[in-house]
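Engineer: One structure coming up, written as structure tokens, with questions to follow.
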Amino acid sequence: MSMQFKFTESMQVRADIILKAYPSKGSALLPILWLVHDQEGCISENAAGLVAEMLGISKGEVLEAVSFYDLFNAEQKGLYHIKICVGPCCGLKNSKWLLSYLENLLGIKAGETTMENRFGLSTVECLGYCADSPVMQINDIYYDNLTPDMLDEIIGMLNR
Amino acid sequence: MTLIITKYFEVDDMHRLSVAKDHGAYSSLEKLFQMSPSDVVDEVGKSKHVGRGGAGFPVWNKWNFIPPNSDKPVHLIVNADESEPGTFKDRAILERDPHLLIEGMMVAAYALGVKKIFVYFRGEYRFQWKRFIEALTQAEDEGLFSSEAFKCDVIVHRGGGAYICGEETALIRSIEGERGLPKEKPPFPVTEGLFGAHTVIHNVETLCSLPFIISNGADAFASIGTEKSKGTKLISISGHVESPGVYEVVMGTPVASVLATHAGGTLGGRRLKAVVPGGTSVPVLNSEEALGARIDFESMKEAGSLLGSGGMMVLDESACTVRFLSDVARFYANESCGQCTPCREGTGWIKKILNGIESGAGSDRDVQLLVDVAEGIKGKSICPLADSLVVSVQSFVRKFREEFKQHVKLGCCPFN
């Protein structure tokens, strides 16, 4: 099913620079995984195999890291991956109500993706934007001081 | 009031070298390179500067553990893996004055003869990471890292979203390409750290005071603050206040004045219930304790808590302390790396018990069970992650036991 993973030309250039900068090949694991993730939106088993080969480590070691570090997705989480913070500070600003609101709006529960794979919804514990809580992140964009009205507007916009 | 770190936070485009230089960036370097490295170490020692990451370890002591005449290299790690809920002060520095951090890195690296600096970035801080790299590249292109007086490589390493990697030994393993599992100490990183080298690890904010110490002298720095806590502290305030944000205060400033002036008071003027003064890893203070405390290491200890990271979370009378603690517990249970059984299982148990009590399904025995589990896992793991949750649980139950009992009695959350 999944396509054979390959770095694009520009990503390969970046990978080569990283491999040169790190003191040992194996230590370049995280930056190389970030390149894969940036390119694919996830780290597939196939890509993990290629990374292992590139770094001279086992595929198990790569998959181990992918599952350990929260920011790496093993599979794609939708065109728009929504991460809503339910940590202690956002909790003080009723982020859980917003989560329920969002779940209703999208018709999915946290951890799921919508039918057509347009939206993925995850909860996260802290994004570091505690002064502007409640917050969520959609792909690389942060939305702060959230209200239900804002959620209507943002999701409506992304649904168009 | 003296501002050491946030002086130019309101200036636009401070990440651009030309703008930063117009505002005094790198002005400490001329004096720095006239001093010998050991003079710099002595000067920083005289300043009594203490680390700002949470543990409060004197900077000079850390440096002094490097054995003289060792044939191993010395690496410097900048810990920018700020991930504790309620703590976002380093993020402010990285966004608004990254050159101040770069200058601070240079001071420490020069003093210790470092040839390789690793900057470990919190994975979530993507924007700040890009901005920092932009600033660093401009500084490198200017020749700041390849002059006669100072030569050094910098590797900027982006984490993958694991709170535990803020712990020194886990951070080191993460750079080495492994999962971030803490290691037993000793050996301490300064003896045998990253790739086996002597490794000195500093928090972002800690390094940012070094240029001031070099430019103005140790005495000028030591004249700011209290007898034991020198300089200023960044406080990141969140929760139920009118103006949450990052503020720089002189060590010794009363919490009451920070809440009233900087933070603009509690939301809607509601009654203050509790303050967690230093990130989720420190004991909670009730309103009376908080309003009587000052922002410095010794006063926070006297008040029954710790200054920690300066991540101040404010709970007003509308807040449910059980729900807050339940959110804190879920965070630690998620972030436990899992290698020590007491931490892996204990944080999970605490999370479940609290969830039960908060939802109204708890019994009187559960409140005691909560305290017992916390006591049972205390001090039994390699790193302090589980113990951080333990102090939260113990302090919240001790100070707000009535609220826990109310949940049990009513069979629901009284604050809904």
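Readers should treat all values here as calculations from the given coordinates under stated rules, not as data from a laboratory. Being a predicted model, the structure only gives us computed values, none of them experimental. Here Cβ is always computed from backbone atoms with ideal geometry, including for glycine, and neighbour counts include all displayed protein chains.
Engineer: Which listed residue (A:A21, A:S67, A:W34) has the Cα farthest towards the positive end of the charge dipole for region A:9-68, taking +1 on Lys and Arg C-beta and -1 on Asp and Glu C-beta about the Cα centre?
Structural biologist: Value: A:A21.
Engineer: By how many nm would the segment from A:E64 to A:Q12 lengthen if fully extended, with 0.36 nm per residue of separation less the alpha-carbon distance?
Structural biologist: Contour length minus Cα-Cα distance gives 16.4 nm.
Engineer: A further question on this structure: Straight-line reach from B:K7: which lysines fall under 22 Å, measuring Cα to Cα and dropping same-chain residues less than 8 apart?
Structural biologist: Within the straight-line limit of under 22 Å, B:K7 reaches these lysines: B:K21, B:K31, B:K48, B:K89, B:K230, B:K233.
Engineer: Would you tell me the mean number of C-beta atoms belonging to other protein chains that fall within 10 Å of each C-beta in B:189-195, as a whole number?
Structural biologist: Mean shielding by partner chains, rounded to a whole number: 1.
Engineer: Continuing with this model, one more query. Just in region B:86-164: which trypsin sites (Lys or Arg not before Pro) are loop by DSSP and have at most 16 other Cβ atoms within 10 Å?
Structural biologist: Listed in order of number, the matching sites are B:K115.
Engineer: Report the residue, chosen from B:G278, B:G264, B:G177, that carries the largest GNM mean-square fluctuation when chain B is represented by alpha-carbon nodes joined by springs under 10 Å.
Structural biologist: The residue with the greatest mean-square fluctuation here is B:G177.
Engineer: Could you work out the relative contact order of region B:196-258, using alpha carbon pairs under 8 angstrom and six or more residues apart, expressed as a whole percent?
Structural biologist: 22 percent.
Engineer: Here is a follow-up. Taking amide H positions as placed in the peptide plane 1.01 Å from N, state which residues far from B:K230 in sequence (5 or more) or on other chains have amide H under 5 Å from it.
Structural biologist: Amide H neighbours of B:K230, under 5 Å, 5+ apart: B:V50.
Engineer: Also, I was wondering about something else. Which net charge results for the neighbourhood of B:V328, defined as the other residues with beta-carbon distances under 13 angstrom from its beta-carbon, given Lys and Arg at +1 and Asp and Glu at -1?
Structural biologist: Cβ neighbours under 13 Å give a net charge of -2.
Engineer: Compute the separation of the alpha-carbon centres of region B:201-218 and region B:68-91 and state it in Å as a whole number.
Structural biologist: 13 Å
Engineer: Let me ask something else. List the residues of region A:84-115 whose backbone N lies under 16 Å from a point placed 7 Å from the Cα of A:E75 along the Cα-to-Cβ direction.
Structural biologist: A:109-115
Engineer: Using alpha-carbon positions, what is the distance between the centroids of region B:345-416 and region B:228-259, in Å?
Structural biologist: Between the Cα centres of region B:345-416 and region B:228-259 lies a distance of 29 Å.
Engineer: At a Cα cut-off below 27 Å, give the lysines reachable from B:K405, other chains included and same-chain residues fewer than 8 away excluded.
Structural biologist: Filter leaves A:K93, A:K96, B:K273, B:K351, B:K352, B:K378.
Engineer: Also, I was wondering about something else. Give, rounded to the nearest 20 debye, the magnitude of the charge dipole that the protein assembly as shown has about its Cα centre when Lys and Arg contribute +1 at Cβ and Asp and Glu contribute -1 at Cβ.
Structural biologist: Roughly 920 debye for the protein assembly as shown.
Engineer: First select every other residue whose beta carbon is under 13 angstrom from the beta carbon of A:L146; then total the charges, Lys and Arg +1, Asp and Glu -1.
Structural biologist: The answer is -2.
Engineer: Right, another one. What dipole magnitude, in Debye to the nearest 20, does region A:20-77 give about its Cα centre under +1 on Lys/Arg Cβ and -1 on Asp/Glu Cβ?
Structural biologist: 220 debye
Engineer: Which residue, B:F212, B:L144, B:L181, has the largest displacement toward the positive end of the dipole of region B:111-259 when charges sit on each Cβ (Lys, Arg +1; Asp, Glu -1)?
Structural biologist: B:L181
Engineer: If Lys and Arg each add +1 and Asp and Glu each add -1, what is the summed charge of the other residues whose beta carbon sits under 11 Å from the beta carbon of B:D366?
Structural biologist: 0
Engineer: Here's another thing I want to ask about it. Loop only per DSSP, at most 12 neighbouring Cβ atoms within 10 Å: give me the GluC sites (Glu not before Pro) in region B:120-208, ordered by residue number.
Structural biologist: The qualifying sites are B:E148, B:E184.
Engineer: Nothing charged except the Cβ atoms of Lys and Arg (+1) and of Asp and Glu (-1): what's the magnitude of the dipole of chain A about its Cα centre? Round to the nearest 20 debye.
Structural biologist: 140 debye
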